[in-house]
Structure formats: C-alpha cells, structure tokens
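Q: Quick one: the structure is below, questions incoming.
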Amino acid sequence: SAVISQKPSRDICQRGTSLTIQCQVDSQVTMMFWYRQQPGQSLTLIATANQGSEATYESGFVIDKFPISRPNLTFSTLTVSNMSPEDSSIYLCSVGGRSNQPQHFGDGTRLSIL
Amino acid sequence: QQPVQSPQAVILREGEDAVINCSSSKALYSVHWYRQKHGEAPVFLMILLKGGEQKGHEKISASFNEKKQQSSLYLTASQLSYSGTYFCGTEGNTDKLIFGTGTRLQVFP
C-alpha cells in the first residue's frame, strides 16, 4: 500500500493568514484527494488533484479559498487561504479509493485558527 | 449526497456483536469500510464490489445489497481494539469516494 507523508502535522494560525499543506506519496499516482474533517464529523471531499490539469472542486469549495498544486505524480499541496476560525479542521490527503483499490490517507494536518 | 449510517453510536461489551448500516440514495459501484481511531487517520477495512461480497478483516465482514443501495458491516465477538468511528465510503459513477455520516463504536471490558 502507498505510504503518504503529510506535513505539517499540526499548526496554529492567525486569522487572515494562509497555510500550505504538503502531501508526498512514495509511488506515482494519477489522482490525489484532499478531504476536510471538522471536529466530530465525517470526511468531506474538497477536491481531486490530477497531475497536469486543474483540480476539480466539490460543491461548496472554491479555488480561491483552497488552491491546489499537483506538479508531479507523487506530490500535491493544498493551501488554506485567508483563514478564519471556521477553517479549524483536520485536512487529509489520500490516494486510491477507485474501483477495487483501498483508499490510503496521510496522517492529517490539524489546523487551529485563532 | 452523503450516505447515511445507522446507528450513530454503539456501546458494547467485549465479545458482543454489532451491525453498522450504510444507505445511499444513489446507485453504487462499490462500498468501502474504514475505521478511524481518535487522533488518527482512517484505516481501510474492506471493499465490496457490485456483484460480489468480500470478507477482509479479522472477525469483521460485510454485505452489499446493490438493489437497495445499502451495505452492512458485521462485527462479531468484539474486541477492545474495535473501538473507533466507522465510516462507509461509497463510489458511484465518479472516481471518488463519498464518506458516510459515521458510527461511533465503543467496546468496554
């Protein structure tokens, strides 16, 4: 199974600032996914990141707020822009999950906004 | 639309059994099950594909009713290590998983 390294593991940020989360996979993958998990809630898909094309965002998420980069087949970043306390969540990157493939997750980034 | 899981929470004694249900309003290609312990990332348990059923993990098994767009996860002779929140993840005709509302399971000695 894929090994996913995500960083930072946690951060405390001031409102109005931005934070970039990095996700590195130990093998080449076509699609990478970014999820948000608010306290005590389920995982909500933010966007799908394909190498060489614009990310595909889910309803309720926009590129200006969550810009994503996918420069190669093993790496992606998610930026949380102009943060407010409502952005306090765990952000997870993942790979797989299509057809008969398990989905594997990074350890997550625990973000708190003051 | 997010799949709905029931029950929302379950409390068990070691050795007891439990069933967790996952229901979708959309046609499904596959159903995944994951367990998440507090402060950790979700961990894959098993996948059920349309037209098949798989057992994937210890004393945990699952079923998939394509016509009803439902899946059930069966935990038998529960162990303390089974505690956590269980999520189903459903795949329709798109290349992405949509996770269910979650079921919190607590197993006590």
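Q: For a 31 Å ceiling on Cα separation, which of these pairs sit above it: B:Lys37/B:Lys96; A:Lys7/B:Lys50; B:Lys67/B:Lys96; A:Lys65/B:Lys50; A:Lys65/B:Lys68?
A: Exceeds cut-off: A:Lys7/B:Lys50; A:Lys65/B:Lys50; A:Lys65/B:Lys68.
Q: Rounded to the nearest 0.05, what FRET efficiency is calculated for A:Thr56 and B:Ser81 with R0 set to 45 Å and r the Cβ-Cβ distance?
A: Given R0 = 45 Å and the Cβ-Cβ separation, E is 0.75.
Q: How long is chain A along each principal axis, judged by its Cα atoms, biggest number first, in Å?
A: Extents along the principal axes, in whole Å: 39, 27, 24.
Q: Normalised by the number of residues in chain A, what is the relative contact order in percent for Cα pairs under 8 Å and 6+ residues apart?
A: 36
Q: Let me ask something else about it. Run the dipole for region B:35-109 about the Cα centre, Lys and Arg Cβ at +1, Asp and Glu Cβ at -1, nothing else charged, and hand back the magnitude in debye, nearest 20.
A: With only Lys, Arg, Asp and Glu charged at Cβ, the dipole is about 160 debye.
Q: In addition: Roughly how far apart, in whole Å, are the Cα centres of region B:1-74 and region A:6-79?
A: 26
Q: Quick one: what Rg and Dmax do you get for chain B from the alpha carbons, in Å?
A: Considering chain B through its Cα atoms, Rg and Dmax are 13.1, 42 Å.
Q: Right, another one. I'd like the GluC sites (Glu not before Pro) in region A:19-114 restricted to DSSP loop residues with at most 11 other Cβ atoms within 10 Å, sorted by number.
A: Sites meeting the loop and neighbour criteria: A:Glu54.
Q: Using only the Cα atoms, work out Rg/Rh for the protein assembly as shown, with Rh taken as the Kirkwood radius, to two decimals.
A: 0.97
Q: Got a sec? How would B:His38, A:His104 order by Cβ neighbour count within 10 Å, fewest to most?
A: Lowest to highest Cβ neighbour count: B:His38, A:His104.
Q: Lys/Arg Cβ at +1, Asp/Glu Cβ at -1, dipole of the protein assembly as shown taken about the Cα centre: which of B:Ser23, B:Gly102, A:Leu114 is farthest positive-ward?
A: Of the options given, the answer is B:Ser23.
Q: If I stretch the segment between A:Ser5 and A:Gln101 completely, what's the gain in nm (0.36 nm per residue apart, minus their alpha carbon distance), one decimal?
A: Value of the extension gain: 32.6 nm.
Q: Scan region A:16-69 for chymotrypsin sites (Phe, Trp or Tyr not before Pro) in coil per DSSP, keeping those whose Cβ has at most 12 other Cβ atoms within 10 Å, and list them by number.
A: In loop regions of region A:16-69 (DSSP not H, G, I, E or B), there are no sparsely surrounded chymotrypsin sites (Phe, Trp or Tyr not before Pro).
Q: Which is the longest part of chain B that has none of the trypsin sites (Lys or Arg not before Pro) sitting in a DSSP loop with at most 14 other Cβ atoms within 10 Å?
A: B:69-109
Q: With +1 assigned to the C-beta of every Lys and Arg and -1 to the C-beta of every Asp and Glu, and no other charges, what is the dipole magnitude of the protein assembly as shown about the Cα centre in debye, to the nearest 20?
A: The calculated dipole for the protein assembly as shown is roughly 140 debye.
Q: Where nothing but the Cβ of Lys and Arg (+1) and of Asp and Glu (-1) is charged, how large is the charge dipole of chain A around its Cα centre, in debye to the nearest 20?
A: That gives chain A a dipole magnitude of about 100 debye.
Q: Could I ask something else about it? Place a point 7 Å from Cα of B:Lys68 in the direction of its Cβ. Which residues in region B:7-23 have their backbone N less than 12 Å from it?
A: Only B:21-23 fall inside the zone, counting backbone N under 12 Å.
Q: So for region A:31-95, what are the equivalent ellipsoid semi-axes in whole Å, largest first, each being the square root of 5 times an eigenvalue of the Cα gyration tensor?
A: 20, 13, 10
Throughout, read-outs are computed from the coordinates displayed, never taken from laboratory work. This is a predicted model, so every value here is computed, not measured. Using ideal geometry, Cβ is built from the backbone for each residue, glycine included, and neighbour counts are taken over all protein chains shown.
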